[in-house]
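J.: Starting off with a structure, shown below.
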Amino acid sequence: MNRIITQFILFLLFVPVLRAQEKAVSDTLHLDILVRIGLENNPQLQSLRDQANAAKTRFNQVTAWDAPQVGIEFYQTPIQSFPIPTRKGMETDYFIQQMFPWPGKLSAMGKVAINNADMLEQTYKAAEKKFILDLKTAYYELYLIQRKLEINEANQNLMSSLIDIAMKQLEVGMGKQSDVVRAQTELSKLIEEAIQLKREKKVVEAMINTLISQPANNALGLVPDLDIAMPRYTYEGLIGLADNIRSELKAMKFEIEMNRSELVAAKKEFYPDIMVKGQYKNMSNTSSDFWSLMVGVNIPIAWWSKGKYQGRVQENRLNITKVQNQYKDMSNMVRFEIQSSLSRIEGDYSRMMIYKNTIIPQAQHSLELLIAEYQSNKTEFLMVLDAYRMLLMAKQDYYMANMEFVSDTAKIEQAVGMSINEINEKLSR
C-alpha cells in the first residue's frame with residue numbers, strides 16, 4: 001500500500017511536465033521565428049539600416065563637380081529701359097563659369113564615402129548580432145522561468161500529497177501536528193514563489209515583445225527543451241574566424257581606411273582649385289562684340305589660410321592612430337570574450353551532466369525512500385522535507401546550467417560574428 005502511494009506521489013511530480021509537453025506541440029515559442037520578426041521590425045535596427053543605405057548615396061554627391069553658374073550682366077542701362085534692359089543699354093554680357101577641383105580631390109572624397117558606407121554597414125550588422133544576443137538571452141531567461149514554474153507546480157502537488165499523508169499519520173497516532181504545519185508552510189512558500197515567478201515571466205515576455213516590436217502584453221508560448229551539445233571548436237579556430245568576420249573589427253578597418261582617404265584628401269587641399277569663366281560681350285550700337293575668358297585659382301598656401309589645411313592633415317593623422325588603437329583594444333576584447341565563454345561553456349556542460357546523471361537521480365531515489373519510510377513511521381518528516389528540498393535545488397540548478405550553457409553559446413556567436421551552425425560549417429572545411 002505504501003509503495004502504491006509513493007508511486008502515486010511521484011506520478012504527480014511529472015503531471016505538469018506532461019501537460020507542458022502537450023502544450024508545446026500546439027503552442028511552442030520558436031527562437032528562429034522571434035529572430036526573424038525582430039530583424040524585420042525592430043525600429044533601432046531599421047534606423048541603422050536606413051543610415052547605412054543613406055551613406056551609400058554620398059559617393060555620387062562628393063565626386064560630382066559643383067554646378068556651373070550662368071548669368072547676364074547689364075552695363076549702363078538707363079531706368080527708362082525697364083522692363084527691357086537691352087533696349088537702350090550700352091553693353092550686355094553673357095557668361096558661364098565653372099569651378100574645377102584639383103585632380104584627385106574628388107576621387108579621394110569618393111573613397112572616403114565608400115569606406116564610410118562600408119563602416120556603417122558593418123555597424124548595422126554588429127547591431128544585428130547584439131540584438132540577436134539580447135533576444136536569445138531573454139528567450140533563455142523565459143525558458144528557465146517556465147521550467148521553474150513547472151517544478152513549482154509539481155512540488156505543490158507533491159506537498160499537497162505529503163500534507164494528506166501527514167494528516168493520515170496523525171489520525172492513526174503515528175504522526176505529529178508539527179509535520180502537518182511544516183508541510184502547509186512549505187506549500188505556502190511554493191504558492192508565494194509561483195506568484196513571483198509569474199511576475200518575472202510577464203517582465204521577460206514584455207522584454208521579448210519589446211525587442212521584436214510587438215505589444216508588450218502579448219502572451220508567449222512555451223519554450224521547448226534546449227538543444228544541448230558540447231562544441232568541438234577550439235580557441236584558435238574561433239579567433240581565426242573572428243578576426244575576419246566580427247563586424248565591429250571590420251567596421252574599424254573601414255574606419256581606418258576612411259581616415260586614410262580623408263588624409264589624402266586633406267593633403268590635396270594644398271593644391272588650388274581652378275575657376276574658368278567664359279563671357280560674351282554684346283556691345284550696343286556697334287559691331288565690336290567680343291569674347292573674354294577668365295581663369296582664376298584659390299591660394300590655400302596663403303599664410304592666413306594655410307593653418308586651416310595643416311590642421312585638417314594633423315587631425316586625420318591622429319584619427320588614424322586613434323582608430324588603430326581602438327582596433328587593437330577591440331581585438332583583445334574579442335579574444336577575452338571567446339576564451340571566457342569557452343571556459344564557462346565547459347563548466348556549464350559538466351554541471352549539466354553531473355545533475356542529470358548523478359545528483360538528480362540520487363536525490364529522486366532518496367526522496368522515494370524517505371517517503372516510504374515516513375509512511376512506515378521509520379523516519380522524521382523533517383528528513384522528507386530535506387530530501388524534497390535537495391531534489392528541488394538539484395532540478396533548478398540543472399535548468400540553470402542549461403540556460404547558462406546556451407547563453408554562453410550565444411555569446412560565442414556574438415563574439416565571432418556567426419551562428420554556431422555557420423561556425424561549425426566553417427571549421428569543418
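J.: Distance cut-off 27 Å, Cα to Cα: go down the list Lys125/Lys322; Lys105/Lys322; Lys125/Lys202; Lys136/Lys395; Lys56/Lys426 and report the pairs above it.
T.: From Lys125/Lys322; Lys105/Lys322; Lys125/Lys202; Lys136/Lys395; Lys56/Lys426, over 27 Å: Lys125/Lys202; Lys56/Lys426.
J.: Residue by residue, what Karplus-based ³J(HN,Hα) values in Hz, rounded to whole numbers, does segment 149-158 have, using 6.51, -1.76 and 1.60 with θ = phi - 60° and x for Gly and Pro?
T.: 5, 5, 4, 4, 5, 5, 6, 5, 4, 5
J.: Taking the dipole about the Cα centre of the chain, with the C-beta of Lys and Arg at +1 and of Asp and Glu at -1, give me whichever of Ala265, Val70, Ala154 is farthest to the positive side.
T.: Val70
J.: Taking the Cα centre as origin and putting +1 on Lys and Arg beta-carbons and -1 on Asp and Glu beta-carbons, what dipole magnitude results for the chain, to the nearest 20 debye?
T.: Dipole magnitude for the chain comes out near 1260 debye.
J.: Just report the Cα centroid separation between segment 352-419 and segment 241-304, whole Å.
T.: 71 Å
J.: Any idea what the dipole of segment 287-397 comes to, in debye rounded to 20, about its Cα centre with Lys/Arg Cβ at +1 and Asp/Glu Cβ at -1?
T.: Magnitude of the dipole: close to 700 debye.
J.: Here is a further query. Once the Cβ-Cβ distance between Ala67 and Gln196 is put in as r, and R0 is 56 Å, what FRET efficiency do you end up with, to the nearest 0.05?
T.: My answer for the efficiency is 0.25.
J.: Right, something else. Between His30 and Ile96, what length comes free when the chain is fully extended (0.36 nm per residue of separation minus the Cα-Cα distance, one decimal in nm)?
T.: Length gained, His30 through Ile96: 17.2 nm.
J.: Output the direction-averaged projected area (hull surface divided by four) of the convex hull of the alpha-carbon atoms of the chain, in nm².
T.: Averaged projected area of the chain's Cα convex hull equals 35.7 nm².
J.: Okay, moving on. Which peptide among 61-71, 198-208, 260-270 comes first, and what is the full order, when sorted by highest mean count of other Cβ atoms within 10 Å?
T.: 260-270, 198-208, 61-71
J.: Using unit Cβ charges (K, R positive; D, E negative) and no other charged atoms, how large, in debye to the nearest 20, is the dipole of segment 106-186 about its Cα centre?
T.: Charge dipole, segment 106-186, about its Cα centre: 300 debye, nearest 20.
J.: Taking a quarter of the surface of the Cα convex hull of segment 195-332, what do you get in nm²?
T.: Average projection, Cα convex hull of segment 195-332: 21.6 nm².
J.: Moving to a separate point now. Can you give the alpha-carbon Rg of segment 140-274 over 2.2 N^0.38 Å, where N counts its residues?
T.: 2.14
J.: Let me ask another. Stokes-Einstein diffusion coefficient for segment 195-243 at 4 °C in a medium of 1.567 mPa s, Rh from the Kirkwood formula over Cα pairs: what value in µm²/s?
T.: This corresponds to a translational diffusion coefficient of 92 µm²/s.
All of the numbers you see were taken from the coordinates with simple rules; none came from a lab. None of the values given here were measured: they were computed from a predicted structure. Ideal geometry is used to build each Cβ from the backbone, glycine not excepted, and the neighbour counts take in all protein chains shown.
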